[in-house]
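Data block below; observations after.
The numbers here are math on the coordinates, done by the rules we state, and not lab data. The structure presented is a predicted model; accordingly, all values stated were derived computationally and were not measured. All Cβ positions, glycine included, derive from the backbone under ideal geometry; neighbour counts span all protein chains shown.
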Amino acid sequence: MKKVGIIGAGAMGSGIAQVAATAGHSVVLFDTKAEALSLSKSKLASVMDRLVEKGRLTSEEAQEIQKRISYADHMEALSESGIIIEAIIENLDVKKGVFSSIESLVSKDCILASNTSSLSIASIASACERSERVLGIHFFNPAPLMPLVEIIPAIQTADEITDEARNIIDSWKKITVLAKDTPGFIVNRVARPFYGEAIRILEEGIADVATIDWAMKEIGGFRMGPFELTDYIGHDVNYVVTETVFKAFFFDPRYKPSFTQKRLVEAGRLGRKSGQGFYDYSPGAVNPKPNTDEALGTEIVNRITAMLINEAIDALFLNIASAKDIDLAMTKGVNYPKGLLAWADEKGLDVVLTQLEELYKNYCEDRYRPSPLLRKMVNEQKTFY
């Protein structure tokens with residue numbers, strides 16, 4: 001069983017370390033900041049205590065998992081790793097520097113992976129002399145709870161490395177999907193309208209935050225509304241992903257960030273982590289009640305889901321992933337109530353096309369352009385399943 005190295009002791013790195021240790025691997029968690037390592041260790045102990053209290057682990061199992069993880073503030077501690085997963089700041093230059101440094105410390109057989117949510121794997125791999133052993137392995141937060149992992153080979157990645165990495169993650173009892181190395185991969189590309197179109201509806205004054213969230217949960221069946229979710233993720237994180245995808249897609253208006261979210265970030269209103277975002281989380285705060293008008297709610301849900309479905313169809317059109325993996329990614333990675341392609345079949349592809357054409361007619365904006373595949377399938381009267 002390969003020794004696992006994790007770079008970055010933040011929430012994602014610590015979560016991945018827990019997953020690997022639970023699967024039986026010896027893990028080295030590396031971070032340059034001693035306080036981050038100390039915090040990670042104490043948080044893991046608390047998580048293990050809760051799992052024991054709930055009867056999901058015995059105290060002996062919890063102790064063994066914790067013993068499998070060693071904490072290091074020097075990179076050399078990763079030298080015996082068989083696979084290394086980097087989970088640090090979403091900055092391409094920083095990541096490339098880390099990969100260049102780590103390559104000289106490990107064996108030639110060590111797999112090098114990035115947990116990036118949207119950056120180019122090919123670009124990260126270019127920092128390494130043996131770029132064929134580099135790929136993306138993207139977990140979702142919180143890693144111990146979320147079942148999905150996106151596997152993203154770069155154009156340089158050897159097929160056997162992709163297969164080996166996927167087999168390792170499968171053995172950790174995760175659900176893996178294969179995605180092309182394009183901005184946002186599957187989930188962070190397809191999910192952009194969930195946030196972007198919700199904010200657009202807010203900016204137009206069609207409905208307020210509470211009403212949009214209510215509609216998407218109560219009528220749409222989503223576990224969290226878009227504003228609840230961005231507050232939970234953190235606007236600093238969510239906005240950066242949106243901006244990264246927008247720039248990486250050569251400023252395609254479908255992924256255009258909003259000034260509304262940008263201003264929240266600039267004001268330091270990052271969501272739950274800061275105590276205020278779209279909602280106020282301060283003690284005793286009273287947030288607005290939704291307008292529960294069903295016709296308005298249905299209009300909101302239809303508009304946002306049409307945009308989501310179109311994005312999923314376009315991902316299939318461009319061979320980002322298979323239809324099965326796209327639907328699996330959205331249900332297991334972000335807990336959507338249905339796979340978007342299956343949902344398209346259920347709604348009727350002609351209905352979705354009509355909704356998008358109406359939006360395009362009203363706004364004359366390219367963000368509402370229907371995917372060529374959607375038009376083709378409607379013309380040929382086909383379905384996805």
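Quick notes
- Cα gyration tensor of the range 100-258 - equivalent ellipsoid semi-axes, whole Å, descending: 34, 18, 12
- For Lys338, net neighbour charge (Lys/Arg +1, Asp/Glu -1) across residues whose Cβ lies under 9 Å away: -2
- Helical contribution to [θ] at 222 nm, DSSP H n ≥ 4, -39,500 (n - 2.57), averaged over the chain, rounded to 500: -15000 deg cm²/dmol
- Karplus-derived HN-Hα couplings along the range 181-190 (A = 6.51, B = -1.76, C = 1.60, θ = phi - 60°), whole Hz, x at Gly and Pro: 6, 10, x, x, 6, 8, 5, 6, 8, 5
- Rg and Dmax over the alpha-carbon atoms of the chain stand at 21.6, 63 Å.
- Averaging the sequence gap over all C-alpha pairs within less than 8 Å and six or more residues apart, then dividing by the number of residues, gives the chain a relative contact order of 12 percent.
- Close amide H partners of Ser26, meaning residues 5 or more places away or on another chain with modelled amide H under 5 Å apart, are Val4.
- Positive-end extreme of charge dipole, the chain - chosen from Ala312, Gly5, Ile186 (charges on Cβ): Gly5
- Residue-wise HN-Hα coupling along the range 349-361, computed from phi with Karplus coefficients 6.51, -1.76, 1.60 (Hz; x: Gly, Pro): 4, 5, 5, 4, 4, 4, 4, 5, 5, 5, 5, 5, 4
- Highest to lowest packing among 286-299, 256-269, scored as the average C-beta count within 10 Å: 256-269, 286-299
- Pairs exceeding 29 Å between alpha-carbon atoms, taken from Lys262/Lys347; Lys67/Lys96; Lys273/Lys332: Lys262/Lys347; Lys67/Lys96.
- Cα centroid separation - the range 350-370 against the range 185-259, whole Å: 18 Å
- Whole-percent P(r), the range 32-98, all Cα pairs, 5 Å bins from 0: 3, 13, 18, 19, 18, 13, 8, 4, 1.
- Label-point separation, Asp293 to Asn379 (7 Å along Cα→Cβ), nm: 3.9 nm
- Spread of Cα-to-Cα distances over 10 Å intervals beginning at zero, given as percent, for the range 267-385: 12, 34, 28, 19, 7, 0
- Just so you know, the averaged projected area of the alpha carbon convex hull for the range 4-178 sits at 8.9 nm².
- The Rg/Rh ratio of the range 1-65, with Rg taken over Cα atoms and Rh as the Kirkwood radius over Cα pairs, comes to 0.97.
- A simple charge model with +1 on the Cβ of Lys and Arg, -1 on the Cβ of Asp and Glu and nothing else charged puts the dipole of the range 4-178 at about 460 debye relative to its Cα centre.
- Using a simple spin-label model with pseudo-atoms 7 Å out from Cα toward Cβ, Asp252 and Asn167 lie 3.4 nm apart.
- Considering all C-alpha pairs of the range 189-379, those separated by over 31 Å amount to 14%.
- In sequence order, the range 102-117 has phi-based couplings of 6, 4, 6, 9, 9, 5, 5, 8, 5, 7, 10, 10, 10, 8, 3, 8 Hz under the Karplus curve 6.51 cos²θ - 1.76 cosθ + 1.60, θ = phi - 60°, and Gly or Pro positions carry x.
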